[in-house]
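Presented below is the structure to which this report refers.
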Amino acid sequence: MTMPVEILELNQFNHELFQFLDASPTPFHVVQQQISRLEAYGFERLDESQQWSLQSGKRYYVSRNNSSLIAFIYGTDDIIQTGIRMLGAHTDSPCLKVKPNADIISLSYLKIGVEVYGGALLNPWFDRDLSLAGKIVYQTKKQQVKTLLLDFEQAIACIPSLAIHLDRDDNKNRSINAQTDIPPVMMLIDPQQSTVDFKSILLKQAKKQNPLLDIEQILDYELSFYDTQQASNIGLNNDFIASSRLDNLLSCYTGMQALMRADTKTTSLLVCSDHEEVGSASSSGAQGPFLKSVLERIAGSNEILSRIIDRSMLISADNAHAVHPNFPDKHDANHGPVINNGPVIKVNANQRYASNSETAAVFKVMAQAAEIPVQSFVVRTDMGCGSTIGPIAAAEIGVKTLDIGVPTFAMHSIRELAGSKDSWYLFKVLQKFFSSEYSVNISDQL
Ligand SMILES: [Zn+2]
């Protein structure tokens, strides 16, 4: 039996999404992976410290802290008329970050001290095959200071559960002490004789990755543990995709693919920000000046930027909570997004999501054109609501904004679950968003 072309395309899309997810254990790796794909598509690097002379019809990208990235097409049409189509996502995910003085020797084991980054669901971190990745800053033999991305790739640590026999109440009321219960166990050592410490392990790995590396000492690092299990299709009929960091690398990847295929008439932009999971307030986060600074340089003057912003629109793409079949009461009965039923428009009266009726309507028109379904999410009125970079960017830039995302189970777990069709649906509607054929502006008739 031959498969329809659309299914083949969807399968290929998800296959390449899996490769991206597996190669992107940290925000630094996300940006590195994005840059390699963008450059292959003709996007040229811009340096924030240099003067820019943008040419219409060309593609550019710029990164900050090597963990946030903005890529854009500088369109041939008059930018004051078209505005800028912006898509926002975030590069970071909840994880366990290594502390500066990481070594903990307990009994005959070397454990690694970690902080919890963001709102991680900690239970699923137990009994996983963990690896370690991130950035090191080192000194060369000539006293230069350089950086290097590190990835052990193999399972080098684990957080073993305590056996049920040693805690009979475990299934009833388990709580986790993040200081004492989760330091990953890396190896057995002889405390009397061993000279192994965490930095020497890093040094060895750096040399293994790059045998010719000129490295005298490691000065500092930003490293986090991750699950080595690869992204995959699951479910009897492959209805689901399972992976770490689906929140929000699915949106980073899908947005990038849509931008790469966008026409060059309209100015279109992708911003992928670090530090969303910890509130976005950083030099490279969405509450920092990165996006505004790039927009100012694209516009050339404040007057023109204000005119551009008035005709622009931002879509913040971040995963939405699918209604869980074991916990249906956690959702409002009329707003329970179902897996593989399309992207979710997120609405919140208190502006935890930035969507309004006009941006939602624009999106619905594009979804109709793309022939994909759309759903709505509103949190139960008796529960608190999460947020995204949408309201933050909207407040910083003053641009009309829409919050959307693909329905997802187990958000902030070490292994999240989304729908195998929803990534493709998102890609198709974002292609419309980046197309000059569709307007993002509604004429006022109040
Ligand atoms: Zn997110």
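Bear in mind these aren't lab numbers, they're just calculated from the coordinates by the rules spelled out. Just so it is clear, the model here is predicted, and its values are computed rather than measured. FYI the Cβ positions are ideal-geometry reconstructions off the backbone, even for glycines, and counts take in every protein chain you see.
Worth pointing out:
- Positive contributions from Lys and Arg (+1) and negative ones from Asp and Glu (-1), summed over other residues with Cβ under 12 Å from the Cβ of S312, come out at +3.
- Under the combined filter of DSSP loop state and at most 13 neighbouring Cβ atoms within 10 Å, the range 118-149 retains these trypsin sites (Lys or Arg not before Pro): K141, K142.
- Peptide ranges 358-365, 314-321 listed from the most packed, as the mean C-beta count within 10 angstrom indicates: 314-321, 358-365
- Within the same chain, lysines fewer than 8 places from K58 are excluded, and of the rest, those with a Cα less than 24 Å from its Cα are K265, K292, K428, K432.
- Kirkwood Rh and Cα Rg combined as Rg/Rh, the range 1-160: 1.06
- Among 8-17, 383-392, 40-49, 397-406, the order from most to least packed when residues are scored by Cβ within 10 Å on average: 397-406, 383-392, 8-17, 40-49
- For the chain, size of Cβ-based charge dipole, Lys and Arg +1, Asp and Glu -1, in debye: 500
- Note on the chain: the alpha carbon radius of gyration divided by the globular reference 2.2 N^0.38 Å gives 1.02.
- In degrees, nearest ten, helix 290-299 long axis to first principal axis of the chain (Cα): 30
- Isotropically averaged projected area of the range 95-227, using the convex hull of Cα atoms (one quarter of hull area), nm²: 9.2
- Ranked by how many other Cβ atoms sit within 10 Å of their own Cβ, fewest first, the residues S283, S251 fall in the order S283, S251.
- Excluding same-chain neighbours fewer than eight residues apart, the aspartates and glutamates reachable from K421 by a Cα-Cα span under 17 Å are E6, E9, E16, D239, D247, D318, E371.
- Rounded Å value of the spacing that divides the Cα centres of the range 255-314 and the range 124-157: 30
- Here the extension length gained between L212 and M3 equals 70.4 nm, from 0.36 nm per residue of separation less the Cα-Cα distance.
- Antiparallel DSSP beta bridges within the chain, percent to nearest 5: 70
- In terms of other Cβ atoms within 10 Å, D78, D170 run from fewest to most in the order D78, D170.
- Helix-only CD estimate at 222 nm, as mean residue ellipticity for the chain, using -39500 (n - 2.57) per DSSP H run (n ≥ 4): -8000 deg cm²/dmol
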